[in-house]
Amino acid sequence: MHRTPQQSWPGYGIYLGRGFFLTAAHVVGRAWLSWPKVVIAGQEYPTQVVKEGSFEGTDLTLLAVEQNLLPIRLRLRRSSLCDTPPLPGQRVVTVVPEGIAQSRILSADRLPEGTRKFRTVIADVAYTGNSGSGVFDAERRCLLGIMSRKISRSKVDPLSRRTETQDIAKYFVPAAEIAAFLPPNSPF
């Protein structure tokens with residue numbers, strides 16, 4: 001995903017099918033200002049915003065690209081949403097342009113007290129993609145969620161008195177929330 005002007009950090013999205021792409025709302029920012037584009041194999045495609053969420057609300061934005069402009073190999077694909085909730089310990093894969101990364105769902109009870117409102121988290125922070133990456137059920141291959149944010153904890157080193165931040169998990173917007181976000185009578 002690209003904004004205008006282009007952001008310095010990579011933001012991703014997942015193709016749902018029929019010309020529709022889903023990403024994290026904060027990847028797009030305010031669409032009327034950022035003119036988001038979908039990038040596939042280095043080619044930019046203009047988008048229309050179908051529905052826009054917000055970082056502090058539902059961190060999702062649904063974009064549409066004229067389907068006949070897309071590569072044929074992509075037009076034929078469809079992503080289905082998982083119909084069962086994610087469970088701690090469940091194997092998942094995240095999908096980014098560079099490849100896939102395996103991880104497991106982490107119990108939110110293992111998070112610091114102030115971050116437990118984020119109930120759907122994965123344990124591997126380093127290799128599981130940035131915001132907008134797709135989180136898929138490793139067994140059923142359905143879309144389990146969209147990556148939203150890192151969860152970190154800060155500690156003060158007693159000797160140096162410096163604050164160190166450690167990333168401990170990543171939150172993803174779960175499929176049930178995605179289904180509620182999508183427009184009524186959506187084909188997904």
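The values are calculated or read from the model by the stated rules, or taken from the named source; none is laboratory data. These numbers come from a predicted model, not from an experiment. Here the Cβ positions follow ideal geometry from the backbone for every residue, glycine too, while neighbour counts run over all protein chains shown. Side chains are part of the model used for accessible areas, which takes the heavy atoms of the whole protein and leaves out ligands, DNA and RNA. Shrake-Rupley method; radii C 1.70, N 1.55, O 1.52, S 1.80 Å.
Looking at the stretch 127-159, which of the residues that are among the charged types (D, E, K, R) and farther than 24 Å from Ser54 by Cα is most open to solvent (accessible area, probe 1.4 Å)?
Arg141
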**Prompt:** Of everything in the stretch 158-179 that's more than 12 Å from Pro86 (Cα to Cα) and among the small types (Gly, Ala, Ser), which residue is farthest from the chain's Cα centre (by Cα)?
**Reply:** Ser160
**Fill in**
Selection over the stretch 104-150 where residues are over 15 Å from the mean Cα position of the chain (by Cα) and in contact (Cβ under 8 Å) with a residue 60 or more places away in the chain yields a count of 1
**Complete:** Flagged in the stretch 94-124 as open to solvent by 100 Å² or more (accessible area, probe 1.4 Å) and within 20 Å of Gly57 (Cβ to Cβ), in numbering order, are Lys117, Arg119
**Request:** Grab the strands (runs of 3 or more DSSP E) fully contained in the stretch 68-181, keeping just those with 3 or more residues being in contact with a strand residue (DSSP E or B) (Cβ under 8 Å, 6 or more places away or on another chain) and of a type in the set (Lys, Arg).
**Result:** 143-156
**Asked** Residue check, Thr84 against (1) among the polar types (S, T, N, Q); (2) open to solvent by less than 60 Å² (accessible area, probe 1.4 Å); (3) more than 23 Å from Gln166 (Cβ to Cβ), all met but one. Which one?
**Response** (2)
